[in-house]
1. So if I check each of Gly751, Gly663, which one is over 24 Å from His619 (Cα atoms) and crowded, with 16+ Cβ neighbours inside 10 Å?
2. Out of everything in segment 166-180 that is outside any strand (DSSP E or B) and in contact with a strand residue (DSSP E or B) (Cβ under 6 Å, 6 or more places away or on another chain), what residue ends up being farthest from Val134 (Cα to Cα)?
3. So, restricting to strands (runs of 3 or more DSSP E) that lie completely within segment 474-546, which ones have at least 3 residues that are touching a strand residue (DSSP E or B) at 6+ places or on another chain (Cβ under 8 Å) and crowded, with 21+ Cβ neighbours inside 10 Å?
4. Just give me the residues in segment 11-36 being of a type in the set (A, V, I, L, M, F, W, C) and touching a residue at least 12 places away in the same chain (Cβ under 8 Å), in sequence order.
5. Please report, ordered by residue number, the strands (runs of 3 or more DSSP E) entirely within segment 196-238 with at least 1 residues that are in contact with a His (Cβ under 7 Å, 6 or more places away or on another chain) and charged (D, E, K, R).
6. Restricted to segment 239-251, and to residues that are within 21 Å of Met306 (Cβ to Cβ) and without any contact (Cβ under 8 Å) to a residue 40 or more places away in the chain, which residue is surrounded by the most Cβ atoms within 10 Å (Cβ to Cβ)?
7. Touching a helix residue (DSSP H, G or I) at 6+ places or on another chain (Cβ under 8 Å) and under 30 Å from Phe410 (Cα atoms): which single residue out of Arg276, Arg240 fits that description?
8. Out of all the residues in segment 681-711, which are crowded, with 20+ Cβ neighbours inside 10 Å and either touching a helix residue (DSSP H, G or I) at 6+ places or on another chain (Cβ under 7 Å) or assigned to a loop (DSSP other than H, G, I, E, B) (or both)?
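The values are calculated or read from the model by the stated rules, or taken from the named source; none is laboratory data. A quick note: this is a predicted structure, and the numbers were derived from the prediction, not measured. Reconstructed Cβ throughout: ideal geometry from the backbone, glycine too, with neighbour counts over all protein chains shown.
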Amino acid sequence: MNKAITDGLVFMPPEFANGLDVWSSGDGTPGSATYDLDPNATLVAADQDFGGCLELLVSNSPQKLRYMGQTPLQPGCYLRITARVKAISGNLPSVRVAAWAGDGSNAHVNGLTEVGPSVSLTAYGEVVEVSAIVGSGLRGGVDMVWGTVPVYGHFGLDFTGSTGGLVRIDDIVIEDITSAFLRNMMDWVDVRDYGARGDGVSDDAAAFLAADAAAAGREVLVSAGTYHLASNVSMSSPVRFEGTVTMPADKRLVLMGNFSLTPYIEAFGDEALGFRKAFQALLNFSDHESLDMDGWRIELDGPIDMQAAEGTKTTFEVRRVIRNGQFNALASANWTPTVATSQASYNPASPKTLSNVANVANIDVGALVTGAGVGREVYVTDKNVGAGTVTLSQPLHGAAASQSYTFTRFKYILDFSGFTKLSKFTITDVELQCAGNASGILLAPNGQTFHLKDSFVTKPANRGITSHGIGCQDLQIDRCHFVSSEQAVAATARTSIAFNVNANDAKIRESRFERFRHTGVLFGNGHLIVGNHWFQGDNLVDAPRLGGMVFTQPNVKSVITGNYIDNCFIEWTNEHDATPDFGVEYSFGGMTVTGNIFTASDVASWFRWIVIKPFGTGHFIQGLSVTGNTFKAVSGNIDRIEEVDSSIAGLDFGRSRNVVFAGNTFNAVTQNTINPVTLEFVQTADAATWTLDPSGYLPFGGWSRNVTSIVAEGAITDASAAPVFAQPYATVNHGANQNLVQLTWPQPCKGRVVVTTRMDNPF
């Protein structure tokens, strides 16, 4: 930087030979005495050391010499005043640079240092150089620190000490030397100044660390070049990349001073690699709990193996967050699922193990298992090549002792399966743009509290979020949007699933799921499904629909509340049970369905919104509350809202307990479902036994197990119209289907009664 060049400022005073009328013997201010015609000052035309110069008799102490021009000063500009002097005869004085500081009103600025270091003249004819630096800032080497009040100065020399000596002075030089301070003035240091070569071969790690130490909080510049870092490098200062770096996969670049995705992309010159290295740093002492993607869209032609990106850890249980970006899966063969088919043996006594697996080495961990007797969303959690075994995420419900299985490994944008355990991990404000090419997220096989929030999983090819183990414990999906890639496909022909759960305590809240085969397949219990909208309709008329939320454990201890359940149904099974017949266990119970909106359009009359499908015999309902919901069919009525799918097994209605269907609203539903149900019955002909039929109202075609009240409305009369004051007794479970109630009176009679009937025991 040179203000004389950039701003046209004039710093240099004129040569003495141009006249001494601008050279003052005072402070240099207007009106001060000059050396013009002063007998103590003489111009020398040709000195052997100086050429033209000023010869001055030192008659005072100090003997002042000041240029009367106003030499400008600006903040951030540093001037050096230099003079060469020699003694000719007489006493030997000392000499120093001196000045007078003036403000914008031409007043003297008091309290400043206005002299530089003093130099003694010790011999005649010896040339001595004296100099001083003046500037606004307190920096090393600045002799006169003036701040920002002075806007100009009168600069020159002082001769002090002994008087009577004769000296000669070369022309005074005033120059802008701000460039000498640029390194300290700039807010960055360059790694090349600390030994970095940037040739792509030499190890520049030490130079990076040295530059970081020298920066002391300023920015570190990685100037143009390719810098190889052969070891871990942690930078506490912000780093700006003009060049790029290369590193071994297992070595970390930790940018603590400006940790976000942008500098990593700039550092490695590649979006996907930059993300991998940033994630590696996130899990390794980056001093940050989250990686901000800075809104970047990362183009991917294949999965990101998140554990391989980190490289050293297989477990991680400290909260970490990835936020604010997008991943876009480009069309590539790298997304093609790998498929293996193998013969294997299964024994329900080892419910999560396949043994004697042929070609087990060809089966990928995380693969979906399909075959006879395999429930939905059963995955390979682990394999043992030596033992020829495969560990499953869920038991099989009816597999043969030996049969063929197919193992399909989907490819996921973010694949966490390489971690053995990952907990407290959050992805927020991120879109996984799968584009029908890739699946979304594969969780670690173990861990808890994986949290996806305020994010989009758009058009997954096969799966949105997959759990192939118990890494879904306390899975949380909040305010997310899942959109399938099968919008125009018939509901029953779709294959994609938004998410699955193998463990307990999932929280699925305020999210939207659009046109998947199933929205969620959930094993375990303690799930909270709150405030979501999932819809799975298609453009066909009177076409079948499939389960939206599919629960695969009979006793779920779960709540479904405040949701919009659209063109699909709640399906409740026990398909993940190696011995599905009822034994020493809880049967279907623990579910609360309250405050939801159920709707369906263009469906056949046999469509139902709540379906229980037992996979074994002897099961029953032992706790189900369906209250405060709205059920509405559009474009045609449906028969009723619930049913038992008895294609494999039915329910034992003789053991039903604690079933409540109450406070619901039914629109375009032919038969309301209510339990307990209170109905009015009218007997028009005298009879001693009245047969009442509440069966249409009772859930799931259950029995009439209890009568809790009988109230006569008006008089019960006999054949002679005389009142009958006796009470009848009730016979429950009456009729061939055990769904009728019989009232027996002591004599034939007729009249009207209101009877409350239950299909369960309420205790």
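1. Gly751
2. Restricting attention to segment 166-180, the residues satisfying the condition of being outside any strand (DSSP E or B) are 170-172, 177-180.
If we keep only those that are in contact with a strand residue (DSSP E or B) (Cβ under 6 Å, 6 or more places away or on another chain) too, we end up with 170, 172, 177-178.
On the way: Asp170: 20, Ile172: 15, Ile177: 10, Thr178: 10 Å.
The residue in question is Asp170.
3. Values: elements: 476-478, 481-483, 497-501, 507-509, 512-514, 518-522, 528-530, 533-535.
Output list reads 497-501, 518-522.
4. Filtering segment 11-36 for residues of a type in the set (A, V, I, L, M, F, W, C) gives 11-12, 16-17, 20, 22-23, 33.
Of everything in segment 11-36, those that are of a type in the set (A, V, I, L, M, F, W, C) and touching a residue at least 12 places away in the same chain (Cβ under 8 Å) turn out to be Phe11, Met12, Phe16, Ala17, Leu20, Val22, Trp23.
5. On the way: elements: 199-203, 219-222, 226-228, 233-235.
Answer list for segment 196-238: 199-203.
6. At the first step, the residues of segment 239-251 found to be within 21 Å of Met306 (Cβ to Cβ) are 247-251.
Retained after the next criterion (residues that are without any contact (Cβ under 8 Å) to a residue 40 or more places away in the chain): 247-248, 251.
Working: Met247: 21, Pro248: 12, Lys251: 16.
Among those that are within 21 Å of Met306 (Cβ to Cβ) and without any contact (Cβ under 8 Å) to a residue 40 or more places away in the chain, it is Met247.
7. Among Arg276, Arg240, only Arg276 is touching a helix residue (DSSP H, G or I) at 6+ places or on another chain (Cβ under 8 Å) and under 30 Å from Phe410 (Cα atoms).
8. Hits for segment 681-711 are Pro694, Leu698, Gly702, Trp703, Ser704, Arg705.
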